[in-house]
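The values are calculated or read from the model by the stated rules, or taken from the named source; none is laboratory data. Just so it is clear, the structure is predicted and the values come from calculations on it, not from any experiment. Cβ placement follows ideal geometry from the backbone for every residue including glycine, while neighbour counts extend to all protein chains displayed. Ligands, DNA and RNA are excluded from the accessible area calculation, which covers all protein heavy atoms including side chains. Shrake-Rupley method; radii C 1.70, N 1.55, O 1.52, S 1.80 Å.
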2 protein chains.
Amino acid sequence: MNEPLGTRGSSARDIVYAGLREQILSLELPPGTALSEKDSAAAFGVSRTPVREAFLRLAQEQLVQVLPQRGTFVSLIDPELVEEARFMREQLERAVIRLACAGFPPLSLSALRDNLAAQQDAMTRLDDRKLFELDEAFHRTLFEGCGKLNTWSVIQQMNLHLNRARLLRLATDPHWSHLYEQHAAMAEAIADGREEAADDLMRQHLRLGIADQELLKKEYPHYFKPEKENAQ
Amino acid sequence: MNEPLGTRGSSARDIVYAGLREQILSLELPPGTALSEKDSAAAFGVSRTPVREAFLRLAQEQLVQVLPQRGTFVSLIDPELVEEARFMREQLERAVIRLACAGFPPLSLSALRDNLAAQQDAMTRLDDRKLFELDEAFHRTLFEGCGKLNTWSVIQQMNLHLNRARLLRLATDPHWSHLYEQHAAMAEAIADGREEAADDLMRQHLRLGIADQELLKKEYPHYFKPEKENAQ
DNA sequence: AAGCGATTACTTCCATCCTAGCATGCCGGT
DNA sequence: ACCGGCATGCTAGGATGGAAGTAATCGCTT
């Protein structure tokens, strides 16, 4: 009676969660879209219970908003939340790269270098998807080397909101070569223990990906939450 | 047929969640304790569904661990997680207090001062509970004044783990007068825009509350997660 | 007595059903 | 024409029974 259950993650709840999250982050389900336990249950071929639990988790991550007895809706993009996600990531990544300069396991350092090589390779192949993965892996390795993997997973959750905003200006052309230069410079700074330089590089690096929020808000006003509110 | 449902929070799910969280954080349910949907449902006088959803939320916050088809257990205290929570809080609070020095709304500044007065008052009354609240409110006001309330709520979630570790060494006697001095000094530094001083104060301030983890691990070894693991 | 397979008692997971509350539109009164 | 009250169809919240899985124990075999 069970379908292939393609998206691995074993439990029905996780499958629904992963599926919906993907659709929300890719804007396939644009902000404001009404969801319903019943419909989603039908769409995924499961009962309402796992759907409900997936909704709950998405609500905790502020990706949907559930109004009892009214419905569940894909959250509008909250500019404050996006900016704070960026803020937190910047603070944490800068602190970590300073730690890395003070002492970084050789194994992780060579992982960074391997990653850089792979980035070059992917650039020649214009493999954007792979580059995105490698970018993530690069930063992850930074945290791993500093024994701060839990911090990294917190950042990844923040990134949900950043990414959704980022995706709006698709055809995004993220200047991969520029990013690569920064990554390479960071790795060298770590190897040489140049804290200030590394910090500076990271700050610039993280400010790159920021879209002009204002511009986006003009273009897709109904995707954004109005400034004035008393959320929660 | 329904009981008074005393603990406000409207939904049964929230009541169960809040109740369990309280018991876990107060160590009334010590790390390692086995929970069960059925028992908790009976204890709270609700059905298994809201209990299950509360478990799910607690699991996301890493306060419990649910092993499918085996049981749900209060998480062991993960020293890494505690240390990283402290780390993240330090980075974010320091960044925010620097922001505050660069510009802080007069209204929030006077809120800080009112809070300080209330702290003095509570100290004379030896009202520890109130002091704890005021301490939280003080920091919250910092974030509020900088427009970083979302960041504050992330920190609060981190604090779950910090607090559980902190509670172990109860009879904690947190040297309130010392904390008050630091708070007062921070408020002044903000008023005067002395970034470096404020940063330094905050760093010291946040390193106060740290228990000697090692000592605690010796005393309650079975409450802690062993070092070696490949969690998550 | 020791080893090992079947059973049993437990868990979480999921499906289904029922309930309560909100929104909309009809309908009658003014 | 407008406005108040009600019927109806929606929603999520909660309760419950059974399915799937794990782990420990009992009982048989050797």
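Measuring from label point to label point, each 7 Å out along Cα→Cβ, what is the A:GLN60 to B:GLU196 span in nm?
About 4.4 nm, to one decimal.
Can you give the accessible area of A:SER153, probe radius 1.4 Å, in Å² rounded to 10?
For A:SER153, solvent-accessible area is about 60 Å².
If the chain between A:SER110 and A:ALA34 were fully stretched, how many nm would it gain, using 0.36 nm times the residue separation less the Cα-Cα distance?
Additional length available on full extension: 22.6 nm.
Modelling each spin label as a point 7 Å along the Cα-to-Cβ direction, I'd like the A:ARG207/A:GLU181 distance in nm, to one decimal.
1.6
Need the full-extension length gain, B:LYS218 to B:LEU76, defined as separation in residues times 0.36 nm minus the C-alpha distance. One decimal, nm.
Here the answer is 49.7 nm.
At each listed q (0.08, 0.10 Å⁻¹), what is the log10 of I(q)/I(0) that the Debye formula gives for the protein assembly as shown modelled as equal alpha-carbon point scatterers?
Each listed q maps to, in turn, -0.54, -0.88.
Please state the charge dipole magnitude for the protein assembly as shown, taken about the Cα centre, from unit charges on C-beta atoms (+1 on K and R, -1 on D and E), reported in debye and rounded to the nearest 20.
Taking the Cα centre of the protein assembly as shown as origin, the dipole is about 1260 debye.
Please report which chain A residue places its beta carbon nearest the axis carrying chain A onto chain B, with the distance rounded to a whole angstrom.
Reported as residue, whole Å: A:GLN91, 2.
Which values of log₁₀ I(q)/I(0), to two decimal places, follow from the Debye formula for segment B:12-74 at q = 0.14, 0.18, 0.21, 0.22 Å⁻¹ with a uniform point scatterer at every Cα?
-0.31, -0.53, -0.74, -0.82
Would you work out the Kirkwood radius for chain B? I mean one over the mean of 1/r across all pairs of different Cα atoms, in Å.
Over chain B, the inverse of the mean reciprocal pair distance is 19.5 Å.
Between B:GLN204 and the same site in the other copies, what are the distances in nm, shortest first, taking label points 7 Å from Cα along the C-beta direction?
Between copies, matching label points for B:GLN204 lie 3.6 nm apart.
How far, in nm to one decimal, is B:ALA191 from itself in the other copies if the label point is set 7 angstrom along Cα toward Cβ? Shortest first, please.
Relative to the other copies, B:ALA191 has label-point distances of 5.2 nm.
Distance check, please: which entries in B:LYS38/B:LYS225; A:LYS38/B:LYS38; A:LYS148/B:LYS148; A:LYS148/B:LYS38; A:LYS148/B:LYS218; A:LYS38/A:LYS225 exceed 30 angstrom between their Cα atoms?
Violating the 30 Å limit, Cα to Cα: A:LYS148/B:LYS38.
Name the residues of segment B:44-64, by number, that are at least 40 Å² less accessible with every protein chain in place than in the isolated chain; the surface is that of heavy atoms, probe 1.4 Å, without ligands or nucleic acids.
SASA drop of 40 Å² or more in segment B:44-64: B:ARG52, B:GLU53, B:LEU56, B:GLN60.
Roughly what % of Cα-Cα distances in segment A:104-185 sit above 17 Å, to the whole percent?
That fraction is 51 percent.
With 18 Å as the cut-off, how large is the P(r) tail for segment B:79-217, expressed as percent of Cα-Cα pairs?
Every Cα pair in segment B:79-217 considered, those over 18 Å come to 55 percent.
Kindly give the distances from B:HIS222 to its copy-mates, label point to label point, with each label point 7 Å from Cα along Cα→Cβ, as nm values to one decimal ordered shortest first.
Its label point is 6.0 nm from the equivalent points in the other copies.
What quantity of accessible surface, computed with a 1.4 Å probe and excluding non-protein components, is buried in total between chains A and B, in Å² to the nearest 100?
Buried area between the two chains comes out at roughly 2300 Å².
Using a Förster radius of 45 Å, what is the FRET efficiency between B:ASP128 and A:GLN120 based on their Cβ-Cβ separation? Nearest 0.05, please.
After rounding to 0.05, the efficiency reads 0.15.
Could you state, as a whole-number percent, how many of the C-alpha pairs of segment B:48-131 are farther apart than 23 Å?
Taking all Cα-Cα pairs of segment B:48-131, the fraction more than 23 Å apart is 58 percent.
If ligands, DNA and RNA are left out, what is the accessible area of B:TYR223 with a 1.4 Å probe, given in Å² to the nearest 10?
Taking all protein chains as shown, B:TYR223 has close to 40 Å².
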